[in-house]
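The values are calculated or read from the model by the stated rules, or taken from the named source; none is laboratory data. Please read these numbers as outputs of a predicted model, since none were measured by experiment. Cβ: placed from backbone, ideal geometry, glycine included. Neighbour counts: every protein chain shown. Please note that ligands, DNA and RNA were not included when accessible areas were found on the heavy atoms of the full protein model with its side chains. Shrake-Rupley method; radii C 1.70, N 1.55, O 1.52, S 1.80 Å.
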Amino acid sequence: ISLAYCRATKQYSDIAIDSCLDPQLRMKQSDGGYSYNSTLAHILVEYASAVYTSDLTSLLKWTCPRCEGHTKGFQMIEIIVDVEKCLQAFVGVAPDPRSIIIAFRGTQEHSASNWIEDLFWKQLDVTYPGMPDAMVHHGFYSAYYNTTLRHEILKSVQWAWKTYGRLPINVVGHSMGGALASFCALDLSVKWGSHKVQLITFGQPRVGNPAFAEYFNEQVPRTIRVTHENDIVPHLPPYFYYLGEWTYHHFAREVWLRETIVGNVVTRNETVCDCSGEDPTCSRSVYGRSVADHLEYYGVNLHADSRGTCQFVIGASNSAYGDILQFDGTIILSRYPQKRYPVESI
């Protein structure tokens, strides 16, 4: 990528220009003028928080304590819970911005430390289909592609488009949920076009190598990856520039949240980082050892509201649901009748 491009898109800082030209960090980027929208990020982080709700009845009715504020008026379509793998996601329609929202839950707070420790040893161990040089982490890839999540999400998007019209799609997720959201956004963009899909993640780990990051940038240009202060998770799995294509590498574009204190004045900064995905002047400029910074973004808590390994609560009354389906360790709560049929092409 050229220096002229970085200047033309204004997605750079003077200090970070060299990283745009560093061959170890070089990325193709064609974001079509897409830029960070702080207002949108403040709205979507609330959906990333709400998906942690364990009371599925209140989540489906959108009456949970986290189902207020900017998300008021959201209409839930479907909640998918893989109990065995402790995965949770939902699909619904938001009034503002008028769009389909797909949200993925991350790890539970009590298990975050163990999960973070495991991330230090994650290996690139699977080739992304159709991209022989693109390697990703098998666990993150499988959690989306090899579980019920993908089938149900695609089916719900189809139903939403038939019911509400072909609304744009916002995919969100925090922590491991950000990794799943990334694979989902890529899947949707390849299937239905990048102009329909926006992705925003909070505190997500790296998911693939430089070749995958470059492919991702091309396929999902409407992407923002938010990091916070010294959040440890965006630093994992570790990035080693000298390993070339065999290291993990973030895709663009990062927005780094941090505070600066001068005297008694606290300034909250939202820094739009360079086009590399690995801007050395953003979150990579700090060691990143904080779990506390991982669990809060824009002042919103991003962790589970229940204790225990993987707990879910469903109310005794089924009147709120169009259908409840349980199979293969998965619970599906839906506003529309469930049928097990192949996802059609739209």
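Okay, here's what the table says:
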read-out	value
Counted residues, segment 45-61 - those being open to solvent by 10 Å² or more (accessible area, probe 1.4 Å) and of a type outside the set (Ser, Thr, Tyr)	3
Residue in segment 327-335 that is hydroxyl-bearing (Ser, Thr, Tyr), modelled with pLDDT under 95 and open to solvent by 40 Å² or more (accessible area, probe 1.4 Å) present	no
Pair list, Cβ under 7 Å, 6 or more apart: segment 228-250 residue within 23 Å of His303 (Cα to Cα), other residue open to solvent by less than 40 Å² (accessible area, probe 1.4 Å) and among the β-branched types (Val, Ile, Thr)	Ile232/Ile116; Val233/Ile116; Pro234/Thr227; Leu236/Ile116
Meets criteria (within 16 Å of the chain's Cα centre (by Cα), open to solvent by 10 Å² or more (accessible area, probe 1.4 Å) and of a type outside the set (S, T, N, Q)) for Tyr164	no
Looking only at segment 127-160, and only at residues there that are of a type in the set (Val, Ile, Thr) and open to solvent by less than 30 Å² (accessible area, probe 1.4 Å), the one that is nearest to Gly244 (Cα to Cα)	Val136
Tally, over segment 185-201, of residues that are farther than 15 Å from Phe212 by Cβ, in a helix (DSSP H, G or I) and of a type outside the set (S, T, N, Q)	5
Options Glu117, Glu68, Glu84, Glu78; residue that is crowded, with 20+ Cβ neighbours inside 10 Å and among the acidic types (Asp, Glu)	Glu78
Test: residue in segment 140-154 that is in contact (Cβ under 8 Å) with a residue 60 or more places away in the chain, under 21 Å from Ser334 (Cα atoms) and of a type in the set (S, T, N, Q)	yes
Subset tally (residues that are open to solvent by 10 Å² or more (accessible area, probe 1.4 Å), more than 13 Å from Leu186 (Cα to Cα) and either of a type in the set (Phe, Trp, Tyr) or assigned to a helix (DSSP H, G or I) (or both)) for segment 208-247	11
Residue in segment 152-162 that is in contact with a His (Cβ under 8 Å, 6 or more places away or on another chain) and either at pLDDT 95 or above or not β-branched (Val, Ile, Thr) (or both) present	no
Any hit, segment 195-210, residues being modelled with pLDDT under 95 and not charged (D, E, K, R)	yes
Residue match in segment 126-138 (condition: within 30 Å of Ser38 (Cβ to Cβ) and among the polar types (S, T, N, Q))	no
Residue within segment 17-31 that is modelled with pLDDT under 90, open to solvent by 10 Å² or more (accessible area, probe 1.4 Å), β-branched (Val, Ile, Thr) and on the phi < 0 side of the Ramachandran plot present	yes
